Amino acid sequence: MKFIRFIVWVILTLILVVVVDQLMIKRQVTTPVLKQTQAFYRDFRLRLLTLVRSDDLDDRIGQTIETQKNSSDEGTPVRYLYVDAAGVLHFADSLNEVPPAYRQSAQQLAQ
């Protein structure tokens, strides 16, 4: 009897987890705290699912190594700081990443 009760609780728990998962993925919320929680959960779930797919993991590792080699050959990268119309600070790894409207006011960060 205890074993059957245990199995029932495990099944109910799994059902609850699946329901919460689907609510967090498909339902649109308007409360700011729930919106942030939902955005975190979606990002976290996406990262977990991409970790499972390891078929292109070697390619990504190789690309990362090549990127690091190329950036170290060129010296230290130049970064830029700019402020948008709302007064929010933004950082960019190159001047091309700065929106055209803010390129003249973008400042190069000191190394």
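Every number in this text was worked out from the coordinates using simple rules, so none of it is lab data. Being a predicted model, the structure only gives us computed values, none of them experimental. Cβ atoms come from the backbone with ideal geometry, glycine included; neighbour counts cover every protein chain shown.
Just a few scattered comments:
- Of the trypsin sites (Lys or Arg not before Pro) found in the stretch 1-45, those that fall in a DSSP loop while having at most 14 other beta-carbon atoms within 10 Å are ARG27.
- Shape of the stretch 2-53, Cα gyration tensor, a/c cut at 1.5: oblate
- Counted by neighbouring Cβ atoms within 10 Å, the residues GLU66, GLU97 run from fewest to most as GLU66, GLU97.
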